[in-house]
Amino acid sequence: MREIQLKDAKATLSAVVDQAVAGKPAVITRHGRKQAVILSFKDYERLSRVPSFGRLLAAFPGAEADIPPRSRKPARTVDL
């Protein structure tokens, strides 16, 4: 993903948006730090619909019996 300085993005905003719509998002930087991302609305919608890990677990299609019981053995010792 290309990076573009904020001042350059302001000067060429129309072109930056056109490129994002064409599938080429850009990272906007300010003082050398990444501050924002310009991407197409289509990409934003796709990314905003990604379910959380908790929702994925809650949507598990199997029965409770499909999940193996948790091991009761003590945790192994690790030498750090």
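The values are calculated or read from the model by the stated rules, or taken from the named source; none is laboratory data. Keep in mind that what you see is a predicted model, and the values were worked out from it rather than measured. Here Cβ is always computed from backbone atoms with ideal geometry, including for glycine, and neighbour counts include all displayed protein chains. Heavy atoms of the whole protein, side chains included, go into the accessibility calculation; ligands, DNA and RNA do not. Shrake-Rupley method; radii C 1.70, N 1.55, O 1.52, S 1.80 Å.
Quick rundown of the values:
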| quantity | calculated |
| --- | --- |
| Inter-site label distance for Leu57 and Glu3 at 7 Å from Cα along Cβ, in nm | 3.6 nm |
| Viscosity 0.890 mPa s, 25 °C: Kirkwood-radius Stokes-Einstein D of the stretch 33-80 over Cα pairs, µm²/s | 154 µm²/s |
| Carbon/sulfur fraction of accessible area - the chain, other protein chains in place, 1.4 Å, % | 56 percent |
| The chain: Lys pairs at Cα distance under 28 angstrom, eight or more positions apart or on different chains | 9 |
| Percent of C-alpha pairs per 10 Å bin, the chain, short to long | 14, 26, 17, 14, 18, 10, 0 |
| Accessible surface, per residue, of the stretch 1-48 when the full set of protein chains is kept, probe 1.4 Å, Å² | 78 Å² |
| Over the chain: helical MRE at 222 nm, DSSP H runs n ≥ 4 each giving -39500 (n - 2.57), nearest 500 | -9000 deg cm²/dmol |
| Listed residue (Gly32, Leu57, Leu13) projecting farthest to the positive dipole end of the chain, Cβ model | Gly32 |
| Among 48-59, 15-26, 64-75, the order from most to least packed when residues are scored by Cβ within 10 Å on average | 15-26, 48-59, 64-75 |
| Contact order normalised by residue count of the chain, Cα under 8 Å, 6+ apart, percent | 22 percent |
